[in-house]
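The values are calculated or read from the model by the stated rules, or taken from the named source; none is laboratory data. Remember, it's a predicted structure, so these values are computed and weren't measured experimentally. Please note: Cβ atoms are built from the backbone with ideal geometry, for glycine as well, and neighbour counts cover all protein chains shown.
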Amino acid sequence: MDNALASMIQSAAGNGAPTNPSSRYTGTPVEKMTLPDGTEVAYLSRRIVPQATVYSQTFDYSVADGDRLDTLAARFLGDPILYWMIADANLSYHPDELTAVPGRSIRIPRISGIPAGARNG
């Protein structure tokens, strides 16, 4: 593996996995594969998106013009990085589409209803 890349992964992540507790990848293991030419490539294990029902307590929110998931996450979940929980609660693989149409109703998870295992499926 390129030394600069290895250094960046290690310095930002300790064991190679993201360490920000708000990250959807917190605790995700780093895997390695070796290409036919001997180059080692590090990558994060696949994250399985949980079923929306994992968020047992949600409320409906009507998207307003100019809304973004990060600002909604900051307002309702206390951290803009938790935008991915709103995407997961709506089974969305394209988060920007959730706020693209004003008036659309989306589900916002309530903090008290977010289970510990929601991060890693």
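Brief remarks on what is shown
- Of all residues in segment 63-79, those that are touching a Ser or Thr at 6+ places or on another chain (Cβ under 7 Å) and not acidic (D, E) total 3.
- Residue pairs meeting the criteria (Cβ under 6 Å; at least 6 apart or on separate chains; first closer than 12 Å to T53 by Cβ, in segment 79-92; second of a type in the set (G, A, S) and in a helix (DSSP H, G or I)): A89/A52; L91/A52
- Top-ranked residue in segment 28-78 [being within 18 Å of P95 (Cα to Cα) and touching a Lys or Arg at 6+ places or on another chain (Cβ under 6 Å); ranked as modelled with the highest pLDDT]: V63
- Of the residues making up segment 100-121, those that are part of a loop (DSSP other than H, G, I, E, B) and modelled with pLDDT under 65 number 5.
- Among the conditions (1) modelled with pLDDT of 90 or more; (2) part of a helix (DSSP H, G or I); (3) surrounded by 14 or more Cβ atoms within 10 Å (Cβ to Cβ), E97 misses just one, which is (3).
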